[in-house]
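A short worksheet on the structure shown next.
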Amino acid sequence: MGEAGTLSGFITYCFNEYPAEHTMLIVWDHGGGTLGGVSYDMNYGMDSIMLPELKEALAAGIPAGKKLDMIGFDACLMSSIDIIESCAEYADYLLSSQQLEPASGWDYGKIAEALADTVSPSPETLGRAICDSYYESCEREGLAQISTLSLIDLNTAKGVLWHYDEMIKSMFDEAL
């Protein structure tokens with residue numbers, strides 16, 4: 001899974017074989033954020049999907065004119081401005097943690113319950129249910145004080161990204 005082609009192939013396969021009204025991609029495994037990427041493939045030289053490769057995989061895998069409802073990272077350190085920028089074009093919501101996640105990760109049993117309880121929950125409703133169940137799981141493990149999981153509306157993040165870019169440009173202009 002450390003290759004962009006593997007991820008894009010999986011996404012393409014899912015869109016082709018399992019068309020759906022709502023779509024969510026969950027990327028699970030170790031995360032290293034902006035500098036370390038995600039999905040470390042320990043069988044093939046500790047390769048991971050770096051952010052440029054993530055964008056490449058999303059662009060190649062998601063059909064033109066479509067977006068995912070949500071991209072979720074059940075992985076450490078995957079909530080930063082750089083990850084938001086990498087995903088904003090390809091999904092409406094990002095679900096990720098800026099901190100280290102416990103080894104147990106997300107509570108998939110509770111996620112399945114949330115999906116079973118509602119015929120077609122909105123991405124926001126599902127995202128909130130995932131955040132709540134994650135926090136409850138962390139609380140049971142005594143990790144509530146350090147747990148984070150954010151549901152980010154990527155459509156509103158575009159303004160933040162623009163201001164961030166402007167700030168960086170002004171910092172470089174001042175340095176020159």
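Observations
- Failed item in (1) closer than 25 Å to PRO19 by Cα; (2) touching a residue at least 60 places away in the same chain (Cβ under 8 Å), with ASP69 passing the rest: (2)
- Complete set of residues in segment 139-167 that are open to solvent by less than 50 Å² (accessible area, probe 1.4 Å), without any contact (Cβ under 8 Å) to a residue 24 or more places away in the chain and under 17 Å from SER80 (Cα atoms): GLY159
- Of the residues examined, SER170 is not one that is under 24 Å from GLY109 (Cβ atoms), open to solvent by less than 80 Å² (accessible area, probe 1.4 Å) and of a type in the set (S, T, N, Q).
The values are calculated or read from the model by the stated rules, or taken from the named source; none is laboratory data. Computed from a predicted model, the values in this text were never measured in an experiment. We place every Cβ from the backbone using ideal geometry, glycine too, and count neighbours over all the protein chains shown. In case anyone asks, the SASA skips ligands and DNA or RNA and just uses the protein heavy atoms, side chains included. Shrake-Rupley method; radii C 1.70, N 1.55, O 1.52, S 1.80 Å.
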